[in-house]
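The structure appears below as structure tokens.
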Amino acid sequence: MDPILQAPATAATAAAAAPAPVLELAGIRKQFAGVPVLQDVQLRLYPGEIHALMGQNGAGKSTLIKVLTGVLKASGGEMRLAGQPVWPDSPLAAQRLGISTVYQEVNLCPNLSVAENIFAGRYPRHGLAQGWRIDGARMQQRAHELVARIGLDIDVTCLLSDYPVAVQQLVAIARALSIDARVLILDEPTSSLDDDEVRKLFEVLRRLRAEGLSIVFVSHFLNQVYAVSDRITVLRNGTWVGEWLAADLGPQALIAAMLGRELAAQATHAPAPQDAAASQAPALLQAEGLGQAGQLQPLDLQIRPGEVVGLAGLLGAGRTELARLLFGLEQPDRGMLRIDGRAVAFANPMDAIRQGLALCPEERKTDGIVAELSVRENIALALQARMGVGRFLSRPEQAALAERYVQLLGIKTASIETPIGLLSGGNQQKAILARWLATEPRLLILDEPTRGIDVAAKQEIMDQILRLARSGMAVLFISSEMSEVVRVAHRIVVLRDRRKVGELPAGSSEDAIYALIADHEHA
Amino acid sequence: MHSSQTTSMPDSRPSPFHPAALLRHRLAWPVITLLLLLAVNTAFNPGFLHIEWRDGHFYGSLIDILNRAAPLVLVSLGMTMVIATRGIDISVGATVAIAAAVAAWLIGGSVSATESRFPLPVAILGALGVALLCGLWNGVLVARVGMQPIIATLILMVAGRGIAQLITDGQIITIYYTPYFFMGGGYLAGLPFSLFVAGAVFAVLYLAVTRTALGLFIQAVGVNPTAARVAGVQAGRLILAAYVFCGVCAGIAGLLISSNVKSADGNNAGQLMELDAILAVTLGGTALTGGRFSLAGSVIGALIIQTLTYAIYSLGVPPEVNLVVKAVVVFVVMLLQSPEFRAQAGLLVRRPAARRALP
Amino acid sequence: MTSTPSPSSTAAEASAGPARAARSPLDHARHHLREYGMLITLVAIMGFFQYMTDGTLMEPLNLTNLLLQNSYIVIMALGMLLVIVAGHIDLSVGSVSGFIGALAAVLMVQYQWHFVPATLVCLLCGGVIGGLQGWFVAFSRIPSFIVTLAGMLVFKGLALALLAGQSVGPFPESFQRLSSGFIPDFFNMQGLKVTSLLLGVAVAAALVVAGIRARANRVRHGVQVEPAAFFVARNAVFATLMVYFSYLLASYKGLPNVLIVMALLVVLFDFVASRTTIGRRIYAMGGNEKAAKLSGIKTERLSFYAFVNMGVLAALAGLVFAARLNTATPKAGLGFELDVIAACFIGGASASGGVGKVMGAVIGAFIMGVMNNGMSILGIGIDYQQVIKGVVLLAAVLVDVYHKNKA
């Protein structure tokens, strides 16, 4: 029994019966250049409750938070704070209204003391309120009181960087409280905390809740959500799916609500047949107890040539972290990796590429495209990197390569000389995929390859991958779209909360995956 | 399946020699600037464009400019590579002085025109070797230790002059060894030899950048180091190589300069050359933020600066104005490249209603 | 960092009362290692050169010269530190100080202005120059090293133009006293400028008293204070050194005027940097600009002010330098920026901004000054001095990089 699953939500159900919500969002709409990102989203927050906001990547959580905190302005809808309509137009305005946020990356100044961070921009001064002499003693005293309120006993004169991230996060909360917040928003606060620190944080949250504070808790860790929230609101694809009492919504139903049950559209091709020969071939890649402290618990994994292994899990389950470990972008500190039975240690991606691996990354803007370079150059990049500086793909060769893949994947571009930054997201994704296909890898790791691509194109890409698998290429396919994973994978590895929870054979249903994630036994 | 429209329609695109297309070419503005400067020079000095054959070689103001520009061209080429990787090297002036000092020392202070302490090739290689070490030093600090380029190269800039002075014992070493003068003052096929040196380095670099993957890799590292790394590019080695190359270029420049003036001055050689080089690179169209670079642009930029200096001289304007003009030019170019400034300037010319509508 | 207490989750303990035990001396030392380290290094270097030069270093005459030679570097370091903490850099300070020196010469010598309005105009000019550069850095977002590089060239040229390539001087005597004057002596004792000595003693006493009061105030508020042993030791050492140096200086010509100016400025800037809202905001901006902006701090304005301040201080330094040489030369200011920047880094500033102390920069400037002076006495060539300067700078930056990578 997970020790974090403790205090039930009963205390707050009483609060749920309390009269007026302290914060009410209704009909919120937001568009970016004509593309709707939020459609008719609502949120109700009562005093003295912890309200979890859940959804997958692209569901609109962060956009909603940005609207709440004044970073973005909604295109429509209304927001009421204690019954009064408000529209914060800047983070400062939101703070003044009493809406305080603690971000995932501690957004404080590491070079200042704890006290100075808490009072940044609002230092207590000697004499006049507008004076310029900081009353250091008073600041330290007040800071000390504030951190004490959340149960922290630290020296507020020390630099923030002297303390571990967990403490820094609590300081961020203390800062949020120092402005007499009525609503506290915590955006993924536990991503860098270990179990012990999470427990302490939750004690603090429960104490604050008892004092009447309303807390919006954004997280993708199911256990934690159930441990501490009273209510759950789920968003999906920018729309509001529903609001439930945590006690009324089981994990499986929650997952279903978050991921939806989209039936596989236009499934004109039959699912990949299991290649009998492939299942007997020796493993191409073997991970034994591979792990990295703080990122991934040790796990075992095997991939054979011609196999499509799906890696399923919710956001934050550790799939990208595993991909990075396999590809040499991060170094494991536990366990071993074998390629063709030989132990290897990848110090950088080039080592992995030389072994025939390829990684099509999730974040194409930061890790994928080299925006100012042309489509041709982007497609040729990885292959050229593997060939080294000396052996050069001449320009006509690059052009031919690029043309081939433009045709193959249907990349829409005015010319192969167009800077890749000008292409639409989906076409950029196709180009990055082309880059890696051009290296003719033995194992292709795809991290969310179909995100932001239209349905027809998705189909093409999946078919292409299946074709390559049949010709002997192994694929590790990471996707949040369970239907896709289920359709093409020979085997499905399921991750949850940074550890592997199980493996399912081909033909498993999405339900089975959800069940595994929800930690239920399922026949 | 949608097919791309890449190879198809040659007729619908405008001819590449159409004025509008020409103007949009990256090198357009640098070339125009250079031509303007040449025109200004000719206006004030009718004999400016005059070239004649004298003493077995071409002779004229243009030849002079080309000869003096060669060291700057070399340093600018090196600086271009460093800037393309999002770095900067403000120690090139010091490296120039060090290289000159090493060469002078290796040749020795003998007053004889035929006597040299070490053979000439040794002197040249020694100087270049030391320059390479300087570049390596910078590269290690930036690529391996992770210092910010301006700080890392500041160290050599501070210490480098001292090192050069140490080698020359604080004196200006006059070189009497005649074979040494050929590099910076000699002529080959009627044209200054230094031109061939600069041309050779340019040619080698150009080939390296266009005929190997170097150009692609450096640009990728400059535009998006993370993506380049994921794609397998060895960013660390490239950055190190860029600084080493910059050092070597500075070394060659040092040889040319000291050969031209027949002496090695640890204090004044290469003084403020880093500024000229940065200016040349910027004028040539390479952005200081790294990424796409233009070798030809840097060459033209160096020529612009040399022609500008010449124009100022021939106009009889005092040398201090040279500095001011250079600074103003660099400044204006930076301003024009800055999006914030363009936005602010744009606001001023747009109509008030539009100004109000903007956030 | 193992010395700091880990957070306990019992609220009762925390709310029980503000009194906190003072940290053990060892913890405290380890914590403030960098600061104390700088001071110890300076003392060590002084001791080393004192020994190597057979006592010449601390001779009153030499000590006075040492102060005078480094005054303008220290003055500029005060401004440069704030610029570096804000995340920028200013390469033009040398040229600007040379230009202002030239301006002062032209005004006072050629146009016969009285030194007071001339000084004011010069300082104002410095502020305007700083503001101009600051504008482009802060609001047009052009990298500071480009703007100030251009500034360096422009003002070098303008200084040349203003002086028409020659040296201009001498300055009126009232102006010369800025750099080469000493505070008046009201007791005419032989061989000892008693006023200076008394002043030194008085200041030392005042600092000790202020320190005691501040500590008492903190204790009253239940705030962390340094261990009593440390406090007493530190103040005792400081006071003794102050009195001793005052005595040394008093044995020659007394306290130089420029020392008074420097001291006042150091106290002012140390206060601004550590105790005023504007100072802490600059640090916040340097540490995490996004977070600072979110807290409502107007980061652009702060950058702008930092450059204006730098301009004024560069102007002052230019005046001090010109007064010391008693002429304004076209070569004035050459290379100053490197010394000033090096002083800040040796004193603990970080290239990425947000870190650095005013006292550190001052100590850094004096470390370099003592090294220059000591090496000159020993007859070590200026070239070696340059190299050693580079090595010290390297060491300082490596320490900074090491700290950053550890975090």
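We did not get these values from a lab; they are worked out from the coordinates using the rules stated. Note that this is a predicted model, so its numbers are computed, not measured. Neighbour counts are summed over all protein chains in view; Cβ atoms, including those assigned to glycine, are modelled from backbone coordinates with ideal geometry.
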Taking springs between alpha-carbon atoms closer than 10 angstrom, which of B:Ala203, B:Ala242, B:Ala152 fluctuates most in the Gaussian network model of chain B? B:Ala203
Here FRET efficiency (C-beta to C-beta, A:Ala253 to A:Arg342, R₀ 56 Å, nearest 0.05) is 0.75
Between C:Phe48 and C:Ala233, what is the label-point separation in nm under the 7 Å Cα-to-beta-carbon projection? 2.3 nm
Distance in nm between B:His25 and C:Asn217 label points, each 7 Å along Cα→Cβ, equals 7.0 nm
Taking 7 Å along the Cα-to-C-beta vector as the label spot, tell me the B:Thr210-C:Tyr247 distance in nanometres, rounded to one decimal. 7.7 nm
If the reach is capped at under 20 angstrom between alpha carbons, list the lysines near A:Lys430, excluding any in the same chain fewer than eight residues apart. A:Lys365, A:Lys412, A:Lys458
Excluding the sites themselves, what is the longest stretch of chain A that contains no trypsin sites (Lys or Arg not before Pro) in a DSSP loop with at most 14 other C-beta atoms within 10 Å? A:74-260
Other chains near B:215-224: what is the mean number of their Cβ atoms within 10 Å of each residue's Cβ? 5
Partner shielding of A:412-420, taken as the mean number of other chain Cβ atoms within 10 Å, equals 3
Report, ordered by chain and residue number, the lysines lying within cross-link reach of B:Lys326, taken as a straight Cα distance under 20 Å and ignoring same-chain residues fewer than 8 apart. C:Lys156, C:Lys331
Ranked by GNM mean-square fluctuation in chain C (Cα springs under 10 Å), the top entry among C:Ser71, C:Ser180, C:Ser92 is C:Ser180
Helix B:214-223 versus the longest principal axis of chain B: what is the Cα-based angle in degrees, 0 to 90, to the nearest 10? 60 degrees
Can you say what percent of the DSSP beta bridges in the protein assembly as shown, counting only those with both residues inside, are antiparallel? Round to 5. 60 percent
Taking a ≥ b ≥ c as the square roots of the eigenvalues of the Cα gyration tensor, with a/c under 1.5 meaning rounded and otherwise prolate when a/b exceeds b/c and oblate if not, chain C is oblate
Can you give the FRET efficiency to the nearest 0.05 for C:Leu378 and A:Lys73, using r as the Cβ-Cβ distance and R₀ = 51 Å? 0.15
For C:Lys298, counting only lysines whose alpha-carbon sits under 20 Å away and dropping same-chain residues fewer than eight positions off, the answer is C:Lys290
With a Förster radius of 51 Å, plug the Cβ-Cβ distance of C:Ser174 and A:Arg395 into 1/(1 + (r/R0)^6) and report the FRET value to the nearest 0.05. 0.10
Within a Gaussian network of chain C (alpha carbon springs, distance under 10 Å), most fluctuating of C:Lys156, C:Lys290, C:Lys357: C:Lys290
Relative to chain A, whose Cα atoms define the longest principal axis, helix A:425-437 and its Cα axis are tilted in degrees, nearest 10, by 50 degrees
Once both axes come from the Cα atoms, what is the angle between helix A:455-470 and the longest principal axis of chain A, in degrees from 0 to 90, rounded to 10? 50 degrees
Would you compute, from DSSP H runs of 4+ residues alone, the mean residue ellipticity of chain C at 222 nm, taking -39500 (n - 2.57) per run and dividing by the full residue count, rounded to the nearest 500? -24000 deg cm²/dmol
